[in-house]
Each structure stands twice: as C-alpha cells, then as structure tokens.
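Reading through the structure tokens given below for one structure.
The values are calculated or read from the model by the stated rules, or taken from the named source; none is laboratory data. Treat the numbers as computed from the prediction; the structure is a model and nothing was measured. Every residue, glycine as well, gets a Cβ built from its backbone with ideal geometry; the counts of neighbours run over all protein chains shown.
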Amino acid sequence: MKKILFSAATLLLLVGASSPSMNATDSTVATQTQSSSSKTSYNPFEWLSYRYVTASDLYGCSSWDLRIMRNAIYAMHGRKFKSRDLREYFSQFTWYHPRYNEVRLSKIEQYNVNFIASYE
C-alpha cells in the first residue's frame with residue numbers, strides 16, 4: 001500500500017493533481033499533495049526511516065522511483081543535493097530543508113539505502 005501511495009504521490013507531484021482519471025486512492029493522495037507549483041507537507045517516504053524495505057516494496061518501481069526513494073532518506077535529514085532534478089523534486093516538500101553536505105543515517109536507513117541501491 002505504501003508503495004502505491006509513493007508511486008501515486010510521485011506521479012501527482014510530477015504532473016499535478018488534475019488528472020481526470022483519478023481513482024479513490026489517487027484522490028486521497030491528491031488531497032494530501034499539491035500541484036507542483038506549491039509545497040506540500042505530506043511525506044510519502046517517512047516509512048523508509050522506520051522499517052526495513054523488502055523486495056515487494058520495490059516491485060514494479062522504475063529506476064526514477066528507486067532513485068527518489070533512496071535519496072528521500074537523505075532528504076529527510078536535510079542533505080543538499082548536487083543533482084538539479086533531486087533538488088527540484090524534494091523542494092516541493094515543506095519538510096525538506098537542505099542544510100548539510102553529509103548526514104547521519106540510522107541502521108534501518110543505511111540498510112534501506114543499500115537495499116534500494118542494489119535494485120537500481
């Protein structure tokens with residue numbers, strides 16, 4: 001379910017929440033996210049800090065999805081990104097405050113970064 005929310009949130013943030021073919025899950029996420037021109041406080045990645053990622057969590061994810069998931073862990077800690085696309089993507093969230101070049105991760109987060117990277 002969280003993967004679905006992640007994918008829906010990613011899609012909505014990239015193209016905006018104005019798609020006419022949205023289902024109930026998409027409309028729930030749409031109310032929690034804003035169009036790409038405004039910021040949102042919704043964090044579809046928060047779970048990456050609290051539990052280990054499994055293969056089923058990553059099933060069907062594109063390389064972009066995997067890259068965003070892996071870097072979201074760093075973004076939640078305020079890492080500054082050199083990559084423009086990552087800076088632009090995470091700047092859509094009110095919880096992203098780029099302050100640090102390097103950040104410290106918990107054991108779960110370190111595991112998740114490595115696990116996701118192995119699928120990229």
(message) Under 7 Å between Cβ atoms, which residue pairs at least 6 apart in sequence (or on different chains) link something in the stretch 50-66 that is free of Cβ contacts under 8 Å to residues at least 60 places away in the same chain with a partner that is in a loop (DSSP other than H, G, I, E, B)?
(response) 63/120; 66/120
(message) Please go through (1) within 19 Å of residue 40 (Cα to Cα); (2) in contact with an Asp or Glu (Cβ under 7 Å, 6 or more places away or on another chain) for residue 67 and return the number of the only condition it doesn't satisfy.
(response) (1)
(message) Exactly one condition in (1) over 20 Å from residue 118 (Cβ atoms); (2) surrounded by 14 or more Cβ atoms within 10 Å (Cβ to Cβ); (3) of a type in the set (S, T, N, Q); (4) at pLDDT 90 or above is false for residue 49; which is it?
(response) (1)
(request) Looking only at the stretch 52-91, count how many residues are among the hydroxyl-bearing types (Ser, Thr, Tyr), surrounded by 13 or more Cβ atoms within 10 Å (Cβ to Cβ) and assigned to a loop (DSSP other than H, G, I, E, B). (result) 1
(message) On the basis of being more than 14 Å from the chain's Cα centre (by Cα) and modelled with pLDDT under 50, does residue 54 make the cut?
(response) no
